[in-house]
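Taking it in order: structure first as structure tokens, then the write-up.
The values are calculated or read from the model by the stated rules, or taken from the named source; none is laboratory data. Quick caveat, the model's predicted, so the values are computed rather than measured. Note that we place each Cβ from the backbone using ideal geometry, even for glycine, and neighbour counts take in every protein chain shown.
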Amino acid sequence: MTNIVAMQTGRHDGIVTCINEWYGTAELQAQQHDHIRVVLADYPDNHPQGIILAVIEKACGSFAEG
């Protein structure tokens, strides 16, 4: 879903490419899901959507800089 939003802004082509490379195959998805679960466990008081966005931004860059 984040990738769809990034595509629609027209300002985040680099992030779109990064997300595709970071999450583009079933094997990568499994790895990233495991990583996201670890980060979620580290921040139980934060909203999951914010955590997921932070993980994506750490890997691919900030949406605010687009």
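Assorted remarks:
- Taking the criterion of being touching a helix residue (DSSP H, G or I) at 6+ places or on another chain (Cβ under 6 Å) and part of a loop (DSSP other than H, G, I, E, B), the only residue of segment 1-27 that qualifies is H12.
- Note on segment 33-66: residues that are in contact with a helix residue (DSSP H, G or I) (Cβ under 6 Å, 6 or more places away or on another chain), in a loop (DSSP other than H, G, I, E, B) and not hydroxyl-bearing (S, T, Y) total 1.
- Set V55, V39, V16: member being surrounded by 13 or more Cβ atoms within 10 Å (Cβ to Cβ), at pLDDT 95 or above, under 11 Å from the mean Cα position of the chain (by Cα) and hydrophobic (A, V, I, L, M, F, W, C): V55
- Test: A30 is at pLDDT 90 or above, part of a helix (DSSP H, G or I), of a type in the set (A, V, I, L, M, F, W, C) and surrounded by 13 or more Cβ atoms within 10 Å (Cβ to Cβ): no
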